[in-house]
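Here the structure is laid out as structure tokens; the discussion comes afterwards.
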Amino acid sequence: MAGIAFVGCDLLAARDAQAQASGAVRRREVVVSGRRVKTVDVHAHCAVPEAMALMGLKVEPQTLIMGQDRIRAMDEQGIDVEALSINPYWYKAERDLARALIKIQNEKLAELCASQPQRFVAFATVALQYPDLAAEQLEEAVKKLGLRGGSIGANVSGEELSDPKFHPFWAKAEQLGCLIFIHPQGGTAGFEQRLRGSGGLGNVIGNPLDTTIALSHLIFEGTLDRFPGLKICAAHGGGYLPSYAARSDAGCVTFPDRCPKPLKKRPTEYLRQLYYDSIVFTPEALRHLVAEVGSGQIVMGTDYPFPWMKTSVDHILNTPGLSDAERAAILGETASRLLGIKA
């Protein structure tokens, strides 16, 4: 990360080594059934100040800027590897600005991961408002920069990801075989008016709802049929969709005229080909998610640096009904396979 505005990568590495040598940071090692498990966090945020400055924006909160505190938090929580992502803020940028901004972000992410290859991998950012450009950016990031997939919003300034205009991007993602991480776009989903007031409902309710709508459209508009090889991971346990999945099946049976596009299988069957992070807060919620989508489709997430889940490892370890093999898979083995992380 030398010369990059997160914090100097050389400095970060040196501090980490010094802290480990002095014993100042105790790195938690996660063991399942007597076996050390490499843990992978697929939902970890960061920011590149130089890129945000192109749009006159500043980083908030400051904990999004990478530094030694990140390594320390990972060590304390038992996170071996973070898959970094950046929530889109550039979907209204003009093409040339979007191109420049994404170039900076992806190169800085690649530099960071190269400086700490045992601790970080990253999802590429793309200017999805220009699907052809986004496809190019994804390919360059994966093939040339070594990034492990792409991160996108659950909508693009109000446009659904299932819109045919985005087919070039989905086709490229399928061709590359890389994981696409979908994160909700707060404030752009179109229902914010009703979520005003106390409780932070725009985030608490709005973010999961945004993801629910996005996944439902990808199913019912036939996007997942058109691109069956897609590897998609949805934030926050897939929103509300897995919690009420059977209604999706019942809808087309009850009102067949409202489902004019024939699907190749029942809507709930598509849920078992998607992936989901584990941010569902309670053991019962995680147990239910496993029951609906299968344990092999769930990967660990923390939402760092936002303090939603400070005990993601224990959340998985303490959920009843999981086998040791299932716990190991959710903690990191599935994510390692999807992201090309070596054991």
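The values are calculated or read from the model by the stated rules, or taken from the named source; none is laboratory data. Note that this is a predicted model, so its numbers are computed, not measured. Neighbour counts are summed over all protein chains in view; Cβ atoms, including those assigned to glycine, are modelled from backbone coordinates with ideal geometry. Surface areas here come from the heavy atoms of the whole protein model, side chains and all, with no ligands, DNA or RNA. Shrake-Rupley method; radii C 1.70, N 1.55, O 1.52, S 1.80 Å.
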(request) Test each condition in (1) in contact (Cβ under 8 Å) with a residue 12 or more places away in the chain; (2) assigned to a helix (DSSP H, G or I) for GLY186 and report the one that comes out false. (result) (2)
(request) Run ALA19 past the list (1) open to solvent by 10 Å² or more (accessible area, probe 1.4 Å); (2) at pLDDT 95 or above and report the number of the one that doesn't hold. (result) (2)
(request) Being among the hydrophobic types (A, V, I, L, M, F, W, C), open to solvent by 50 Å² or more (accessible area, probe 1.4 Å) and either on the phi < 0 side of the Ramachandran plot or under 17 Å from the mean Cα position of the chain (by Cα) (or both) narrows it down to one of LEU209, LEU218, LEU176, LEU128, so name that one. (result) LEU209
(request) Taking only the range 269-288 into account, find how many residues are farther than 20 Å from SER151 by Cβ and either surrounded by fewer than 20 Cβ atoms within 10 Å (Cβ to Cβ) or over 17 Å from the mean Cα position of the chain (by Cα) (or both). (result) 11
(request) Could you tell me whether ALA171 is open to solvent by less than 50 Å² (accessible area, probe 1.4 Å) and in a helix (DSSP H, G or I)? (result) yes
(message) With the requirement that a residue be open to solvent by 30 Å² or more (accessible area, probe 1.4 Å), over 15 Å from ARG119 (Cβ atoms), in a helix (DSSP H, G or I) and touching a residue at least 40 places away in the same chain (Cβ under 8 Å), what does the range 28-78 give you?
(response) PRO49, GLU50, THR63
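Across the range 295-316, what is the number of residues that are of a type in the set (A, V, I, L, M, F, W, C) and in contact with a Leu (Cβ under 8 Å, 6 or more places away or on another chain)?
Adding up the residues that qualify gives 5.
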(request) Could you list, in sequence order, all residues of the range 289-304 that are surrounded by fewer than 22 Cβ atoms within 10 Å (Cβ to Cβ) and assigned to a loop (DSSP other than H, G, I, E, B)? (result) GLY294, ASP303
(request) Kindly indicate whether PRO305 is in contact with an Asp or Glu (Cβ under 6 Å, 6 or more places away or on another chain), closer than 25 Å to ALA44 by Cα and not polar (S, T, N, Q). (result) no
(request) Sort through PRO307, PRO260 and tell me the only one that's modelled with pLDDT under 95, assigned to a loop (DSSP other than H, G, I, E, B) and over 18 Å from the mean Cα position of the chain (by Cα). (result) PRO260
(message) I'm trying to understand the selection: among the residues of the range 108-156, which are in contact with a Ser or Thr (Cβ under 6 Å, 6 or more places away or on another chain), in a loop (DSSP other than H, G, I, E, B) and within 15 Å of PRO184 (Cα to Cα)?
(response) ALA154
(message) Just to check your reading of the model, which residue among GLY251, GLY239 is modelled with pLDDT under 95, more than 19 Å from LEU338 (Cβ to Cβ) and open to solvent by less than 50 Å² (accessible area, probe 1.4 Å)?
(response) GLY251
(request) Take the residues in the range 189-206 that are in a loop (DSSP other than H, G, I, E, B) and at pLDDT below 90, then tell me which one is most open to solvent (accessible area, probe 1.4 Å). (result) GLY190
(message) Quick check on my filter: what residues within the range 136-147 are at negative phi and open to solvent by 10 Å² or more (accessible area, probe 1.4 Å)?
(response) GLU136, GLN137, GLU139, GLU140, VAL142, LYS143, LYS144, LEU145
(message) Suppose we filter the range 310-331 for residues that are in a loop (DSSP other than H, G, I, E, B) and of a type in the set (A, V, I, L, M, F, W, C); how many remain?
(response) 1
(request) Find the residue count for the range 86-125, including only residues that are small (Gly, Ala, Ser), surrounded by 17 or more Cβ atoms within 10 Å (Cβ to Cβ) and either touching a Pro at 6+ places or on another chain (Cβ under 8 Å) or closer than 24 Å to ALA335 by Cα (or both). (result) 4
(request) Scan ARG327, ARG272 and give me the residue that is among the basic types (Lys, Arg), at pLDDT 95 or above, under 17 Å from THR212 (Cα atoms) and in contact with a helix residue (DSSP H, G or I) (Cβ under 9 Å, 6 or more places away or on another chain). (result) ARG272
